[in-house]
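Since the structure comes first, as structure tokens, the remarks are kept for the end.
The values are calculated or read from the model by the stated rules, or taken from the named source; none is laboratory data. Computed from a prediction, not measured in an experiment: that's the story for all the values here. Here the Cβ is made from the backbone with ideal geometry for all residues, glycine too, and neighbour counts use every protein chain on show.
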Amino acid sequence: MDSLILSCGTGGGHDAAARALVEAMELRGHRAVMLNPYTLQSRELAGRIDRLYIGSVQKAPSFFGAVYAAGQLYRKLPFRSPVYYVNLLMRDILGEYLSRNHFDVIITTHLFPAEIITGMKNSGSVLPGTIYVATDYVCLPFTEETGCDAYVIPTEELREHFVLCGLPEEKIYPLGIPVSGAFSARMSRDEAREALGLEQDRKYVLVSGGSMGGGQLRNAVKALTGAVSQRSGTELIIICGSNARLYEELSSAGLPHTSVVGFTREMPAYMRAADLFVTKPGGLSSTEAAVCGVPMVHTAAIPGCETHNARYFSSCGMSLSCPASRGALEDALGLLDSFPARAAMLCSQHRIIRPDAAAQICALAEDMADIAGEDGPARLRRASAS
């Protein structure tokens with residue numbers, strides 16, 4: 001099977017989900033191509049879109065939240081969104097690419113390519129099966145106006161929410177958010193600490209703002225540094241992601257009991273080595289942590305989808321949510337002293353989050369591409385009901 005995985009670089013989560021699907025496809029013997037469709041127009045355009053999003057998140061999160069809130073209101077109106085019409089400009093460009101490259105299925109982990117696909121279908125283009133994969137624990141504004149053949153959502157509990165937002169129930173498959181197999185690989189805490197050169201007798205609090213190092217990470221770090229200084233044998237590990245400026249700032253600050261790490265491909269090991277993970281509530285990073293099985297504190301949510309992610313995780317007992325203030329984070333660090341609370345959180349994560357989501361989505365794609373045999377439709381029905 002030949003699959004096209006569409007994504008955008010507006011935050012690392014969408015690309016991480018796309019890479020997880022490429023990995024799973026290749027493990028099953030399929031060919032998978034990951035593509036940011038805007039690069040077909042120009043890499044400059046793709047970069048401009050990514051920078052606009054990342055800049056608004058890092059420098060003006062309240063503005064980003066206002067735009068999200070406006071989208072929530074706009075989706076109630078009886079006509080298509082500006083997002084749809086802007087992405088119509090990419091319809092012919094992606095169509096030309098598909099005319100020159102054969103694919104049996106198209107999967108998108110981002111709303112924008114789903115809008116392009118919808119525009120193509122509305123203009124009469126004949127496409128292979130199309131799958132939209134939600135990477136947050138909420139139905140994003142305008143998802144309901146897209147015309148994909150299947151919609152993969154994070155959990156069964158969210159089915160009603162997505163239906164109420166306007167998605168056809170018969171197209172919904174609660175298969176989970178895909179993460180790399182590295183996050184579900186067997187590795188004990190001791191093994192992870194040995195691999196990372198960490199001491200076995202310490203308690204480690206891992207702090208991350210996601211791949212962009214955002215999420216008001218500075219405020220959280222300041223609060224946590226003060227809180228950790230009051231706890232014997234506890235250290236911070238701060239992951240700055242690709243935010244080079246933040247890395248330089250924190251690594252030169254001489255923070256006590258603190259290690260600062262820039263971009264790393266060792267996040268699965270860091271998560272397994274940690275006693276507690278403090279992070280902004282990104283859909284992918286939260287799912288990765290839950291798959292690893294690490295107690296989690298959500299803080300400094302970017303208004304919008306991350307607010308919903310934090311609310312969902314905390315309501316299901318999979319995380320603790322708190323402001324990025326010293327008092328609140330000091331209280332949250334109390335999880336380090338409560339084995340029952342940590343164990344209950346891990347049980348909730350294990351019960352709700354699906355570590356095999358990438359493989360399940362591949363199976364759905366195989367059925368959609370009609371290569372799974374005569375029982376394909378039956379398996380589709382079973383996946384939808386699971």
Checklist outcome for this item: Restricting attention to segment 327-354, the residues that are closer than 30 Å to K171 by Cβ and surrounded by fewer than 18 Cβ atoms within 10 Å (Cβ to Cβ) number exactly 3
Checklist outcome for this item: Residue hits (segment 23-73; outside any helix (DSSP H, G or I) and either more than 21 Å from the chain's Cα centre (by Cα) or farther than 19 Å from I116 by Cα (or both)) are R28, G29, H30, R31, A32, Q41, S42, A60
Checklist outcome for this item: When restricted to E157, E199, the only residue over 19 Å from T287 (Cα atoms) and either assigned by TED's automatic domain parsing to the domain that holds Y137 or of a type outside the set (S, T, N, Q) (or both) is E199
Checklist outcome for this item: Restricting segment 311-326 to residues that are without any contact (Cβ under 8 Å) to a residue 24 or more places away in the chain and farther than 17 Å from L276 by Cα, the one surrounded by the most Cβ atoms within 10 Å (Cβ to Cβ) turns out to be R311
Item to check | Selected residue (only one of A341, A357, A363 is of a type in the set (A, V, I, L, M), in contact with a Pro (Cβ under 7 Å, 6 or more places away or on another chain) and modelled with pLDDT of 95 or more) | outcome: A357
Checklist outcome for this item: Flagged in segment 243-298 as modelled with pLDDT of 95 or more, under 23 Å from D201 (Cβ atoms) and of a type in the set (S, T, Y), in numbering order, are Y270
Checklist entry - Is there any pair linking a residue in segment 54-75 that is touching a residue at least 24 places away in the same chain (Cβ under 8 Å) to one that is of a type in the set (G, A, S) and in a helix (DSSP H, G or I), with Cβ under 7 Å and at least six apart or on different chains, and which? => result F64/S56
Checklist entry - Just one of P61, P78 is crowded, with 16+ Cβ neighbours inside 10 Å and either outside the structural domain of H308 (by TED's automatic domain parsing) or within 22 Å of P154 (Cα to Cα) (or both); which is it? => result P61
Next on the checklist: Looking only at segment 262-298, how many residues end up being of a type in the set (S, T, Y), buried (at least 24 other Cβ atoms within 10 Å of the Cβ) and not in a helix (DSSP H, G or I)?
Outcome noted: 1
Checklist entry - Can you name the helices (runs of 4 or more DSSP H) wholly within segment 83-173 that have at least 2 residues being free of Cβ contacts under 8 Å to residues at least 60 places away in the same chain, of a type outside the set (A, V, I, L, M) and surrounded by 18 or more Cβ atoms within 10 Å (Cβ to Cβ)? => result 111-122
